[in-house]
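Here the structure comes first, spelled out in structure tokens, and everything after it is commentary.
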Ligand SMILES: C[S@@+](CC[C@H](N)C(=O)[O-])C[C@H]1O[C@@H](n2cnc3c(N)ncnc32)[C@H](O)[C@@H]1O
């Protein structure tokens, strides 16, 4: 296989990092193995580059060194500089997994599968190891970890510097084989988080980490032995890329010296807690976890901790066949005069009948979502929302005929674009008769108590039920709300109550979701929303109001609900009675209220009190770790 320089991923490791990594792994190996004879330690660098790791291995006294490198142009200089290293100028991924080592160390090449599918295809065709571990969306360095693990002796150590994204990925995104392989065969002993500093000049935006794995002995596997994970978080002096200060920090780590820029702690996640399928929140400090536990005390139902997904089906808004066709713009293809609406067809405006007017819905984009509400004037047009199951008829031809009869102008308008809409559906392998309807997001599947599947039409929910929604991209906890008609496209997620969950306290939940408590949970559990809601639905615990039983707690909940309700309706004044209640509660809450109009702040103070949390502690933790 001929690879160009880009595909070889030749980004070389800075000298001080290589020095650190070699010293670090040597220290760990010697302490685990009770000072073995260094000449007997077989050490491997699987992708040598210009040999920076080799040079430090030699400095540290290693003698049995093996190295692979694919780039033939590096052969002569490497042989010249490192005459005692056993070189193999061939593809490491084709090497024999029976060739075993005690230590493996390096900076393997990074190459995303998405943009280099042909290279991965060829690797899969050529090497059985690659065939075994290939999965879409992976990175080339995953193969280096897999083969590295296979080549390690039990008790042996592997340390790589890589990008850190794989740690938090779930099995849907390329780590299907990697995480099970690591969890089954290895312990993670150490994670050095470099995401706040830059170590590679040519890859400044990249977030990196150094990790150390230890291969398990057979008896450690059988006895399910657990081990702690040491975390070192490296924080920059004043800017991300400062080689001089980086050098000092890595010296500090290896010499076990303290620095205000190094945060060292044991992770609250131990090896036993590592999931084979979900992201790993390795940087989860024990003191943060303790606060999370305090919150979770109030989030159990019938003895088990409950999360958003136990109450809600979280789904995107509507996916339309083509936004430009289905979303009408006022003064463009739609005119509104008095209570009449007119749609533009063939350059003339045609009046819509009353049924049709009901089917034009104001559409909101996620940018209008505000905590507790949304910008009511910020709608981006009127959506044509016809419902597929309105006539409860299986025969699609007849169904369309009835739709056309009831909504003659809307369907005539859509028919202008028939060809185009049909093509889109055909390409997506969907039914081309469905050109009048949203493609997705108008129906959800629910299961009743007998586990029977039923399709629920969401129109009444979009129209008037209480709704909590949030943007599909966000790293803060902003949850909007309304009971009015609110339609959105796929850039918005909606929380639809699961079948049977009829007693959801929307106002209290809304207050909680927008609170400082959930803001803290976002940080603690490393939650950001990037077109994916899985972490949110599976990791945000839901409070159980009935667990707050003291009279003051019941009063607090009442005030929280009241203020939240006002916020959702843009009411800015507080009832005197409620205000006096706050004073009467005598919980030191009143003294913290500087601005009686700042309801969000008052809600936060009440919620913290309710959960028995210390705001200062939470703030200190956020400042320390995040
Ligand atoms: C990210 S660089 C790191 C080089 C060196 N380890 C360092 O840290 O400076 C990766 C190196 O791996 C080499 N390489 C890429 N694919 C390889 C493969 N399949 N087998 C062996 N070496 C490979 C590249 O030529 C490149 O020199």
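Every number here is computed from the coordinates shown, using simple stated rules; none is lab data. Since the structure is predicted, the reported quantities are computational estimates derived from the model, not experimental observations. Here the Cβ is made from the backbone with ideal geometry for all residues, glycine too, and neighbour counts use every protein chain on show.
Here is how the numbers come out for the structure above:
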| read-out | value |
| --- | --- |
| C-alpha long axis of helix 117-126 to longest principal axis of the chain, angle in ° | 50 |
| Cα-based convex hull, the range 376-429, per residue volume (Å³, whole number) | 134 |
| Tilt relative to the chain, helix 599-610 - C-alpha long axis, 0 to 90 degrees, to 10 | 60 |
| Size of the range 416-476 as Cα extents on the principal axes (Å, biggest first) | 40, 38, 23 |
| Equivalent ellipsoid, the range 58-174 (semi-axes from 5 times Cα gyration tensor eigenvalues, Å) | 26, 17, 14 |
| When the range 509-559 is reduced to its Cα atoms, the Kirkwood hydrodynamic radius in Å | 12.4 |
| Linear extension gain, residue 255 paired with residue 569, 0.36 nm per residue minus alpha-carbon span | 107.2 nm |
| Ellipticity estimate at 222 nm from DSSP helix runs (n ≥ 4, -39,500 (n - 2.57)) divided over the chain, nearest 500 | -10000 deg cm²/dmol |
| Zone of residue 581's modelled label, taken as backbone nitrogen in the range 487-508 under 19 Å from a point 7 Å along Cα→Cβ | 505-508 |
| Largest-first principal axis extents of the Cα set of the range 367-466 (Å) | 43, 42, 29 |
| Protection proxy ranking of 430-436, 111-117, 194-200 - average other beta-carbon atoms within 10 Å, highest first | 194-200, 430-436, 111-117 |
| Efficiency of FRET between residue 440 and residue 131 - r from beta-carbon atoms, R0 30 angstrom, step 0.05 | 0.25 |
| Computed over the chain: relative contact order in percent, which uses C-alpha pairs under 8 Å that are six or more apart | 10 |
| Largest-first principal axis extents, alpha carbons of the range 208-295, Å | 46, 37, 24 |
| Considering only the chain, percent of DSSP beta bridges that pair antiparallel, nearest 5 | 75 |
| Contact order relative to length of the range 286-511, as percent, for alpha carbon pairs under 8 angstrom and 6 or more apart | 28 |
| Rounded tilt (10° steps) of 615-625 against the dominant C-alpha axis of the chain | 40 |
| Additional length obtainable on full extension of the chain from residue 71 to residue 300, 0.36 nm per residue less Cα span | 76.7 nm |
| Rg/Rh (Cα only; Kirkwood hydrodynamic radius) as it applies to the range 142-242 | 1.01 |
| Cα-based Rg / Dmax (Å) for the range 103-163 | 12.1, 36 |
| FRET efficiency for residue 355 and residue 290, using Cβ-Cβ distance with R0 set to 60 Å, rounded to 0.05 | 0.55 |
| C-alpha center-to-center spacing [the range 1-38, the range 45-69] in angstrom | 7 |
| Cα centroid separation, the range 366-409 to the range 73-151 (Å) | 53 |
| Enclosed volume per residue, in Å³, of the convex hull spanned by Cα atoms of the range 286-511 | 162 |
| Largest-first ellipsoid semi-axes for the range 56-116, taking √(5λ) over the Cα gyration tensor eigenvalues, angstrom | 22, 16, 12 |
| Centre separation in Å (Cα based) which lies between the range 465-532 and the range 420-434 | 32 |
| The range 494-613, relative contact order in percent, only Cα pairs under 8 angstrom and at least six apart counted | 32 |
| The chain - Kirkwood radius from inverse mean 1/r over Cα pairs (Å) | 28.6 |
| Value in Å of the Kirkwood radius, where the range 544-610 supplies the Cα pairs that are averaged | 12.0 |
| Segment residue 377-residue 538, extension gain: residue separation times 0.36 nm, minus the distance between their alpha carbons | 54.6 nm |
